[in-house]
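Structure record follows, encoded as structure tokens.
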Amino acid sequence: MARIGTMMSLQAEECLIQFLIYNKEVFAWSMMDLHGISPDVITHCLKVNPDAKSVKQKKRMFGAERSQAIKEEVEKLLKAKYVRPVEYPEWLANVVLVPNGAYVLTSQT
């Protein structure tokens, strides 16, 4: 999210807003808009000590509404090829649902 400073003149603020509106196609509004970007640029790697012991969190249970929100968000991430399934992971981090009107999915790392 871009914030416009309070010290900016109204003319400069209007100019900036018009510029952003005119160039809105250069912004990624969803994960689906990120196609064609090199994975080297957008891949996140966890730098962990290879000798460290893996720790699994106890699997948390969610109610029906939250489970549905998680399922929908994971389906969007899979469809956008933002995540991929991994079988038998060595560690598990529970998801965290953040109330934001509906729910927003994040990880607990």
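The values are calculated or read from the model by the stated rules, or taken from the named source; none is laboratory data. Bear in mind that the values here come from a model prediction, so they are computed numbers and not experimental data. No Cβ is skipped: glycine too gets one built from the backbone with ideal geometry, and neighbour counts run over all protein chains shown.
Out of the residues in the range 55-82 meeting the condition of being touching a residue at least 40 places away in the same chain (Cβ under 8 Å) and not basic (Lys, Arg), tell me which one is farthest from His35 (Cα to Cα).
Applying the filter and picking the extreme gives Gln57.
Among residues belonging to the range 49-70 that are surrounded by 12 or more Cβ atoms within 10 Å (Cβ to Cβ) and of a type outside the set (S, T, N, Q), point out the one that is nearest to Val95 (Cα to Cα).
My answer is Ile70.
Kindly indicate which of Ala12, Ala28 is more than 17 Å from Ala80 (Cα to Cα) and modelled with pLDDT of 75 or more.
Going through Ala12, Ala28 in turn, just one is more than 17 Å from Ala80 (Cα to Cα) and modelled with pLDDT of 75 or more: Ala12.
Filtering the range 9-27 down to residues that are of a type in the set (A, V, I, L, M) and surrounded by 11 or more Cβ atoms within 10 Å (Cβ to Cβ), which residue is farthest from the chain's Cα centre (by Cα)?
Among those residues, the one meeting the criterion is Ala12.
Scan the range 31-42 for residues that are among the β-branched types (Val, Ile, Thr) and farther than 12 Å from Lys81 by Cβ and jot them down.
Val41
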